[in-house]
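Undergrad: Just dropping this structure here.
The values are calculated or read from the model by the stated rules, or taken from the named source; none is laboratory data. Here the structure is a predicted model, which is why all the values come from computation and not from measurement. Ligands, DNA and RNA are excluded from the accessible area calculation, which covers all protein heavy atoms including side chains. Shrake-Rupley method; radii C 1.70, N 1.55, O 1.52, S 1.80 Å.
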Amino acid sequence: MATLSPPEQAALAPYLERVTLASGQVIVQPGKALQHVYFPINCSLTWVSHTAEGESAELALVGRDGLIGVPLVLGGMTMQHTVQVQCGGQALRIGADDFLRQLRTQGRLHQMALLYVQRQMAQMAQSIVCSRHHAVSERLGHWLLNNAQGANTRELRVTHETISHMLGVRRESVTQAAGRFQAAGWIDNHRGRITLKDTVGLSTMACECHARSQLESQRYLQQLAHLGRQNDGHVPAVASRESVDTGVVFTPYGMPSEDDDSAASDLQKYVDAYDFAPVGFVTLDAQGRVLQTNLAGAILLDIQRSQCQNHLFSDFLEVSSQASFAQFHQEVLKGQCRRYCLVELTATAHRRAMCVRIDATADEWGVENRMVLIDVSEDTTSAGPQSGHWSFQSADAGTAPGAWPS
């Protein structure tokens, strides 16, 4: 909402009403026509799928950067899943017919809604991978952080029973994991309420899906901001704006505010951990070109970080290592699992040639190779690096690094 221009907001505001939603409240029933579209302000909503036996699982979480009513954006009228309130709070609501008319008359609103549909599809795809491959404690860490960010709060009024239904696991498993989190000082766990005390510590337990979710959220907000600047030069989300007709306040998502200081600080710690890590992080595209690197990675490659893009990673390797790395790169993208190899970097004017170990994992789409580079020259001095030869193992063997930092 906040990325729309003032005239666009003025056209939309008369149709919006502020509503208070209670935790556990069902606002959409499967198979029934959508009556309203919801935009969360300080609450979180969830898509839930139920089996014939009464079991359930969360498909997607909707926070203050999203909406409930995706089928209307795509030309449908009903949802096949239940939508219920996860963490109670306030939301903006608009009638389904009014929303459809606004989509037809406001092209930018329609484009923004489609961007959100794309983001939600990515979230649902990631949740499938998460449920199949990550431990309960890792998933719980991600779930708590995701809900807190979506509802813009550190206190979640939710029971272990509810969380177990959302994750599709036994309640006892949730209780055991929450107990470990409390013992570590990351959360304060009471009956029906969980308070996040140390989100940085909790993030160390969360699965890699949390870092990817943060990155995807950042990309989505950047796309919204870019779209908001198009055509009229409007600079979006620079301040809260209030409609004199309805009293609706459009609050920018992700902008610094008194309530968001702690969240911004936590995100900055993630950025700092990536930028100033003692090992090199380098991301390649499918063709082996460098997309991104942290400071240590730029030093290892002896390039300026701001000019790292479009360099072929193989150009930094000794000729004897290039063919083996090309094969390794393709193996990582096809297998989408963590692997490692040894290669030799060529000498530069600022450093000697060195042997580095590369641990890597593909992104969820298999189009990016995310690598950790570690200088192991001293470890191979006596025997010499095996340039041109490489080996790999599955992450299950315990040889791969942890989750990719955001």
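Undergrad: What percentage of the solvent-accessible surface of the stretch 1-61, computed with a 1.4 Å probe over protein heavy atoms, is contributed by carbon and sulfur atoms?
TA: It is 52 percent, rounded to a whole number.
Undergrad: Could I ask something else about it? Ignoring ligands and nucleic acids, what accessible area does VAL372 show with a 1.4 Å probe (Å², nearest 10)?
TA: Accessible area of VAL372: about 10 Å².
Undergrad: What percent of all Cα-Cα pairs in the stretch 313-352 falls into each 10 Å bin, going from 0 up to the bin containing the maximum distance?
TA: 28, 47, 20, 5
Undergrad: Residues of the stretch 106-195: accessible area per residue at 1.4 Å, in Å²?
TA: Details: 4230 Å² over 90 residues.
The answer is 47 Å² per residue.
Undergrad: Subtract the Cα-Cα distance of ALA277 and LEU74 from 0.36 nm times their separation in residues, and report this length gain in nm to one decimal.
TA: Numbers: separation 203, 0.36 × 203 = 73.08 nm, distance 4.27 nm.
So the extension gain works out to 68.8 nm.
Undergrad: Okay, next question. Specify the inter-centroid distance of the stretch 1-66 and the stretch 113-175, based on alpha-carbon positions, in whole Å.
TA: So the two Cα centres are separated by 17 Å.
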